[in-house]
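Please read the structure below before turning to the comments.
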């Protein structure tokens, strides 16, 4: 299925079900992509492809520069991002969408688009999305245990969106909507330092 800039633009501003996700530019693009994926019955495939793209952004300085540098020409960016999409093995809907982003010079919105799409996909499945930031990558076993704990706490299935921030030193920061659970070592140390200053 080929995505065109016209279909992206029209889908991004119309339709229902996007909710607050559409409040940002990245959210509007994500909603447009979600509608395309839904029409193609490819939500899971697109979500998996976007996860691959996000991992590539985290791991490849060249790919990250391609998506953020203002000096990369539109045509060169489109050609390069499509070649990268082929290397990553993303699905056709996501590949076309990446091309549209490059043509519109919106590749810098990719991290926000990935997050918003995952929220839409989780909502579609009746899940709640938890954004989990850890100091080190979590193992599959740790992710499963965390997901079960969150399910017990919230009383519903939870989709976990993982990110790594070494500055946390250890522990986790979990965001669910406007709620935040911060058990990071950095925050504990800051709290301890503040308590010592107040007490001293």
Average Cα contact separation per residue, the chain, under 8 Å, 6 or more apart, as relative contact order %: 19
Extension gain, residue 71 back to residue 141 (0.36 nm per residue minus Cα-Cα distance, nm): 21.0 nm
Residue 196 paired with residue 175, simple spin-label distance in nm, labels 7 Å along Cα-to-beta-carbon: 2.9
Folded to 0 to 90 degrees: helix 74-88 orientation relative to the chain principal axis, Cα: 70
Difference of contour (0.36 nm per residue) and Cα-Cα distance, residue 124 to residue 106: 3.9 nm
Estimated distance in nm for a label pair at residue 157 and residue 44, the labels positioned 7 Å out from Cα along Cα-to-Cβ: 1.0
Selected from 72, 132, 90 as most flexible by GNM, with the chain as the system and alpha-carbon contacts under 10 Å: 72
Among (i) 25.7, 99; (ii) 18.8, 66; (iii) 19.5, 72, the entry derived from the coordinates for Rg and Dmax of the Cα atoms in Å: (ii)
Degrees, to the nearest 10: 185-199 long Cα axis against longest axis of the chain: 40
Principal-axis tilt of helix 140-154 within the chain, Cα atoms, nearest 10 degrees: 80
Extension reserve of the residue 52-residue 149 stretch, reckoned as 0.36 nm per residue once the Cα distance is removed: 32.3 nm
Cα centroid of region 78-93 to Cα centroid of region 163-187, whole Å: 32
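Read the figures in this text as sums done on the coordinates, not as results from a lab. Bear in mind that the values here come from a model prediction, so they are computed numbers and not experimental data. Cβ atoms come from the backbone with ideal geometry, glycine included; neighbour counts cover every protein chain shown.
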